[in-house]
Amino acid sequence: LAYSPDGHWIATASLGPEQVVHLGDAGTGRQVREPLECDDRIAYVGFSPDGLRIAIGLRNGSFEVFDTATGECLGKAMLGHEIYVADTESPADGQRIVSAGYDSTVQAWDWRHDDRLKNLRAGSLANSVQFFPGGRYTVNVSNDGEMSLWDTES
């Protein structure tokens, strides 16, 4: 479940075999378009800071990015984790995405070019990641409570 930053949209992920995300109007709860179809079972869904894209983390270790307005998949699934993508985050400029995975890694991506920029080892299962304001640094929290700070530009 995720709300868009402006509170207008709500995205809900199906945990069943149909592998879809439903996008609805947060005020009415009505579905606004056909479900977003994914390549595998869904583990996570979240909006970009501007609300224009939805990142969907999958159980096979990949994630996909969709255009919120059209429902179009933007590029191919980005596969880098060995198992579940637990969280994704994008800085305000929307140029990159970082993903946290249950394989104990945090990965930085140029999602527009399907290019993994960094693969960083976290302490244990990386289950949350967040950009600092400015977009250069991220922090992740692992299952064991360990926090790690990463410079995504060096």
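Every condition in (1) touching a residue at least 24 places away in the same chain (Cβ under 8 Å); (2) of a type in the set (Val, Ile, Thr); (3) open to solvent by 20 Å² or more (accessible area, probe 1.4 Å); (4) not in a loop (DSSP other than H, G, I, E, B) holds for Ile83 except the one numbered (4).
Within the stretch 13-34, residues that are without any contact (Cβ under 8 Å) to a residue 60 or more places away in the chain and closer than 24 Å to Asp87 by Cα have Cβ atoms under 6 Å from residues that are among the acidic types (Asp, Glu) and surrounded by 11 or more Cβ atoms within 10 Å (Cβ to Cβ) in these pairs: Val20/Glu37, counting only partners at least 6 apart in sequence or on another chain.
Restricting attention to the stretch 114-136, the residues that are farther than 15 Å from Gly101 by Cβ and over 17 Å from the mean Cα position of the chain (by Cα) total 3.
The values are calculated or read from the model by the stated rules, or taken from the named source; none is laboratory data. If you're wondering where the values come from, they're calculated on a predicted model, not measured in any experiment. Backbone-built Cβ (ideal geometry, glycine too); neighbour counts: all protein chains shown. Surface accessibility is based on the protein's heavy atoms, side chains included, excluding ligands, DNA and RNA. Shrake-Rupley method; radii C 1.70, N 1.55, O 1.52, S 1.80 Å.
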